[in-house]
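Below is one structure; the comments refer to it alone.
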Amino acid sequence: MSPFKTSAITVLTAIMLSTPLSLTVHSLLDTPKPNIVSFDLKSAIKQYSGSLAYYLPQLGSHELSNSLLDEKAKLYAQVLEDELARYAQEQHVIIMVQSAVIKGAYDITPDIEQRAMARMKTQGVPQ
């Protein structure tokens, strides 16, 4: 057999063996593409601020100091960030701010707000 035929047979054999192996490995390692969802950050912050103003009189206070308001806002922002990260991991999604999405993304704002409020409640912070 000529050296050219031997090389050609070797190449063809390698291709025939590597293609099924490549397809098998690809199907095992290929993860599904994440969906894109949206979250209305502005609305969530506004809702929390409004509910805080609503609950102040019930707590016997009509004002909170700026430092206490800043502290509560930072805590709420941290809770939102944690809940968004948890949701993204659990649901295998990419979360985008609602203003960056033109059309077609599922809005998770109510779900995240509900989760965040539940966590704030367990931490003793008014919702």
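What list do you get for R119, R86 if you sort them by fewest beta carbons within 10 Å? Mind showing how you got there, number by number?
Values: R119 18, R86 12.
Ordered by Cβ neighbours within 10 Å, fewest first: R86, R119.
Annotation for A8 and S49: the two label points, set 7 Å from Cα along the Cα-Cβ direction, are 7.6 nm apart.
A protection proxy built from the mean count of other Cβ atoms within 10 Å ranks the segments 73-79, 34-40, 101-107, most packed first, as 34-40, 73-79, 101-107. Under 5 Å from the amide H of I94 lie the amide H atoms of N35, I36, V37, each residue being 5 or more positions distant or on a separate chain, with H modelled from the backbone and absent for Pro and chain starts. A simple spin-label model places the labels of D107 and Q91 1.3 nm from each other, with each point 7 Å out along Cα-to-Cβ. Annotation for T31 and K121: the two label points, set 7 Å from Cα along the Cα-Cβ direction, are 3.3 nm apart. With 24 Å as the limit, the listed pairs K33/K103; K72/K103; K74/K103 have K72/K103; K74/K103 beyond it between alpha carbons.
FYI, it's all coordinate maths here, none of it is from the lab. What you see is a predicted model; the values in this text were computed from it and never measured. Using ideal geometry, Cβ is built from the backbone for each residue, glycine included, and neighbour counts are taken over all protein chains shown.
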